[in-house]
Amino acid sequence: MLMELHVKLRNERERRNWTQKYLCMLIGINPTTYSNWEQGSRKPDLEALIKLADLYEITLDKLVGRDFNQHKEPVKVDLELLQFFAEVQASPSQKRDEIMRYWKYINNLN
């Protein structure tokens, strides 16, 4: 289950027994700004997220609650097909047109 960012921010801060004021001093932001982040009424920008992740010594993925499943099957790339597309794209327009006519002809045979 994905934890909302404002909950994650509060949990990480409280886990360290830090006050909002102390945290704001560490990362150099206005306490009202941070309070809005923890309330969920505003979201921190990327620079602030990086500072927070560094401060908490966690990845950005973990901070924002992103669960990257590394067990997914990798995308298979047909290198021969990619090379064919690159060569067709680099071909003169007359040759590309001829290839397209042939492709349409082959598809109509089915």
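Values in this text are rule-based calculations from the coordinates and carry no lab data. All values derive from a computational prediction rather than experimental measurement. All Cβ positions, even for glycine, are placed from backbone atoms using ideal geometry, and neighbour counts span all protein chains on display.
Loosely packed, with under 13 Cβ neighbours inside 10 Å and touching a Phe, Trp or Tyr at 6+ places or on another chain (Cβ under 8 Å), is that true of Asp61? Please lay out each step first, then the result.
Details: loosely packed, with under 13 Cβ neighbours inside 10 Å: yes; touching a Phe, Trp or Tyr at 6+ places or on another chain (Cβ under 8 Å): yes.
Considered against the rule, which asks whether it is loosely packed, with under 13 Cβ neighbours inside 10 Å and touching a Phe, Trp or Tyr at 6+ places or on another chain (Cβ under 8 Å), Asp61 comes out as yes.
Of the residues Val88, Val77, the single one that is outside any helix (DSSP H, G or I), among the β-branched types (Val, Ile, Thr) and either free of Cβ contacts under 8 Å to residues at least 40 places away in the same chain or more than 30 Å from Arg15 (Cα to Cα) (or both) is Val77.
Taking the criterion of being of a type in the set (D, E, K, R) and under 14 Å from Ala48 (Cβ atoms), the residues of segment 1-30 that qualify are Lys8, Glu12, Arg13.
So which helices (runs of 4 or more DSSP H) are wholly in segment 1-53 and hold at least 3 residues that are among the basic types (Lys, Arg) and surrounded by 13 or more Cβ atoms within 10 Å (Cβ to Cβ)? Break it down stepwise before answering.
Details: elements: 5-15, 20-27, 31-39.
Helices (runs of 4 or more DSSP H) meeting the threshold: 5-15.
Note on segment 27-56: residues that are over 22 Å from the mean Cα position of the chain (by Cα) and aromatic (Phe, Trp, Tyr) amount to 1.
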